[in-house]
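Undergrad: Starting off with a structure, shown below.
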């Protein structure tokens, strides 16, 4: 291949999004990636590999933050603490 010619590589593969999964605004999901059931993907994330069921992922590239159970426990704890303040 000479310097004048550009090689274009296209990867075509289905993206699968599971039941009750939440995908935030502006997320990029690469071809062939599967988002598991109940998973949460943070806004603006770039998902380069498959996300298991019931996990929270965010970032560029997306990384595991926690399980959804841990996330909801932390969130509920924060809201409960704030509600008790005078």
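Rule-based calculations on the coordinates, nothing more; no lab input. In this text the structure is predicted, and so the values were computed from the model without any measurement. Glycine gets a Cβ as well: all are built from the backbone with ideal geometry, and neighbour counts include every protein chain shown.
Undergrad: Simple spin-label model, 7 Å along Cα-to-Cβ: residue 73 to residue 15 in nm?
TA: 3.1 nm
Undergrad: Let me know the volume per residue of the alpha-carbon convex hull for segment 16-84, in Å³.
TA: Spread over its residues, the Cα hull of segment 16-84 gives 81 Å³ apiece.
Undergrad: Follow-up question, since we're still on this one. How far, in nm, would the chain grow between residue 46 and residue 28 when pulled straight, counting 0.36 nm per residue and subtracting the alpha carbon separation?
TA: Using 0.36 nm per residue and subtracting the Cα-Cα distance, I get 6.0 nm.
Undergrad: While we're looking at this one, here's another question. Just to verify a number: FRET efficiency for residue 8 and residue 65, C-beta to C-beta distance, R0 = 41 Å, to 0.05?
TA: Rounded to the nearest 0.05, the efficiency is 0.75.
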